[in-house]
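Worksheet: the structure to be examined is printed underneath.
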Amino acid sequence: MRIQTLKEARRFFLSDGGLETFLIFDKGYDLPCFSAAVLLETDQGRADLRAYFERFIGIAKSSGRGFILDAPTWRAGTAWAGPLGQTLKDVMETNQRAVSFVSKLRAQQETESCPILINGLVGPAGDAYAPDTQISRQEALLIHAPQVHTLGNAGVDMISAMTLTHADEAVGIVQAAKEIDTPIVVAFTLETDGHLPSGQPLGEAIAEVDAATNGGPLYYMINCAHPDHFREVLDTTAAWALRIGGIRSNASRQSHAELDEAEILDNGDPVEFGNLNAELLSRLPNIRVLGGCCGTDHRHVRCIAGHDHPLTAA
């Protein structure tokens with residue numbers, strides 16, 4: 001399986017940055033419901049997506065790393081069909097189209113020294129910046145299974161559930177992935193206090209999902225939070241910290257509420273961003289993927305690429 005290249009890699013893989021914020025603030029797109037998947041519908045949209053990903057793949061190649069290539073499906077689940085004015089059939093076809101798009105890009109760009117994994121993105125059923133929509137495990141399974149199964153059957157190497165706000169939704173998504181035996185990653189978004197938007201501490205959320213799914217996730221990620229928001233809650237002596245295998249941080253130190261109201265993109269300091277990620281590398285021995293989230297672009301990821309985990313650099 002291709003996923004073995006990630007498990008056995010001696011250097012962490014790179015991902016891209018904040019796709020949606022880049023498209024909105026840098027390219028001038030008006031993304032309905034923050035959905036980048038709509039760009040797949042036009043020649044210009046596909047060209048812009050291709051150029052965006054090729055830039056990050058170039059950074060991975062120049063730094064001798066693998067790359068996690070995301071299908072732009074974060075807002076292409078069943079919960080977003082209505083708000084996007086689509087049918088269930090429409091959004092499932094969008095997921096298939098997205099996987100086909102990035103698979104073709106991989107075929108053009110992958111090299112022996114730069115393995116590329118196709119990653120299907122699943123987003124929360126509600127607002128990623130707020131805990132207003134909390135659903136049960138069974139509800140999460142029913143809501144997310146159609147997208148998870150479509151992505152898996154379309155041929156992704158792995159699925160990542162990103163910006164989740166509470167543990168029960170994560171459990172349902174993991175159960176859906178286990179039904180089709182597809183590797184699944186769970187990424188929680190964190191507030192400025194290092195807790196999930198639900199108020200649950202990160203370590204408790206990881207332990208809850210692992211207990212409910214028999215350690216189902218391939219690993220856990222932190223995303224959509226600045227390193228300053230969570231580095232103090234990382235108890236590196238705890239078993240749950242060893243389950244963290246990826247980080248995709250925000251460039252901005254602003255809270256989610258502040259980012260929601262922002263009219264100007266806060267892209268922080270790329271060099272500082274790279275150094276902060278290097279510090280996290282020194283504390284989390286099982287990191288396998290690093291990249292960016294809101295406000296980050298190729299500059300931030302290039303600064304990350306300049307560092308290596310002290311235990312794997314050789």
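The values are calculated or read from the model by the stated rules, or taken from the named source; none is laboratory data. Note that the structure is predicted; figures quoted are calculated from it, not measured. Here the Cβ positions follow ideal geometry from the backbone for every residue, glycine too, while neighbour counts run over all protein chains shown.
State all residues of region 35-71 that are among the acidic types (Asp, Glu) and out of contact with any strand residue (DSSP E or B) (no Cβ under 6 Å at 6 or more places or on another chain); if no residue qualifies, say none. Once the filter is applied, which keeps residues that are among the acidic types (Asp, Glu) and out of contact with any strand residue (DSSP E or B) (no Cβ under 6 Å at 6 or more places or on another chain), region 35-71 yields GLU41, ASP43, ASP48, GLU54. If you go through region 125-179 and keep only what is under 20 Å from ARG97 (Cα atoms) and of a type in the set (D, E, K, R), you end up with just ASP157. Among the residues of region 255-288, how many are exposed (fewer than 14 other Cβ atoms within 10 Å of the Cβ) and more than 26 Å from ALA239 (Cα to Cα)? Here the count works out to 9.
Here region 3-26 is the region considered, the condition is being assigned to a loop (DSSP other than H, G, I, E, B) and either loosely packed, with under 14 Cβ neighbours inside 10 Å or among the polar types (S, T, N, Q) (or both), and the residue that is nearest to the chain's Cα centre (by Cα) is SER15.
May I ask you to verify whether LEU259 is closer than 16 Å to THR163 by Cα and either out of contact with any Pro (no Cβ under 8 Å at 6 or more places or on another chain) or modelled with pLDDT of 90 or more (or both)? Quick ask: steps written out before the conclusion?
Values: closer than 16 Å to THR163 by Cα: yes; either out of contact with any Pro (no Cβ under 8 Å at 6 or more places or on another chain) or modelled with pLDDT of 90 or more (or both): yes.
It is true that LEU259 is closer than 16 Å to THR163 by Cα and either out of contact with any Pro (no Cβ under 8 Å at 6 or more places or on another chain) or modelled with pLDDT of 90 or more (or both).
Being among the basic types (Lys, Arg), in contact (Cβ under 8 Å) with a residue 24 or more places away in the chain, buried (at least 20 other Cβ atoms within 10 Å of the Cβ) and touching a helix residue (DSSP H, G or I) at 6+ places or on another chain (Cβ under 8 Å): is that true of ARG248 here? Let's see the steps before the verdict.
Numbers: among the basic types (Lys, Arg): yes; in contact (Cβ under 8 Å) with a residue 24 or more places away in the chain: yes; buried (at least 20 other Cβ atoms within 10 Å of the Cβ): yes; touching a helix residue (DSSP H, G or I) at 6+ places or on another chain (Cβ under 8 Å): no.
Taking the combined requirement at face value, the residue does not satisfy it.
Looking for whichever is of a type in the set (Asp, Glu), modelled with pLDDT under 95, surrounded by fewer than 17 Cβ atoms within 10 Å (Cβ to Cβ) and farther than 20 Å from GLY17 by Cβ here; the options are ASP127, ASP43. Which one fits?
Details: ASP43 fails: modelled with pLDDT under 95.
Only one candidate qualifies: ASP127.
Yes/no per residue for (1) without any contact (Cβ under 8 Å) to a residue 60 or more places away in the chain; (2) under 17 Å from LEU121 (Cα atoms):
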| residue | (1), (2) |
| --- | --- |
| ILE3 | no, yes |
| LYS7 | no, no |
| ARG11 | no, no |
| ASP16 | no, yes |
| LEU19 | yes, yes |
| PHE34 | yes, yes |
| VAL38 | yes, yes |
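The set of residues from region 153-167 being of a type outside the set (Val, Ile, Thr) and over 17 Å from THR189 (Cβ atoms) comprises ASN153, ALA154, GLY155, ASP157, MET158.
Here ALA107 meets the list (1) closer than 17 Å to VAL156 by Cβ; (2) assigned to a loop (DSSP other than H, G, I, E, B); (3) free of Cβ contacts under 8 Å to residues at least 24 places away in the same chain; (4) not acidic (Asp, Glu) almost entirely, failing just condition (2). Inspection of region 41-56 finds a residue satisfying the criterion of being in contact with a Leu (Cβ under 8 Å, 6 or more places away or on another chain) and small (Gly, Ala, Ser).
Annotation note: of GLY194, GLY216, the sole residue that is modelled with pLDDT of 95 or more and buried (at least 18 other Cβ atoms within 10 Å of the Cβ) is GLY216.
Just name the residue that is surrounded by the fewest Cβ atoms within 10 Å (Cβ to Cβ) out of those in region 197-213 that are of a type in the set (D, E, K, R) and without any contact (Cβ under 8 Å) to a residue 40 or more places away in the chain. Ranking the candidates gives GLU204 first.
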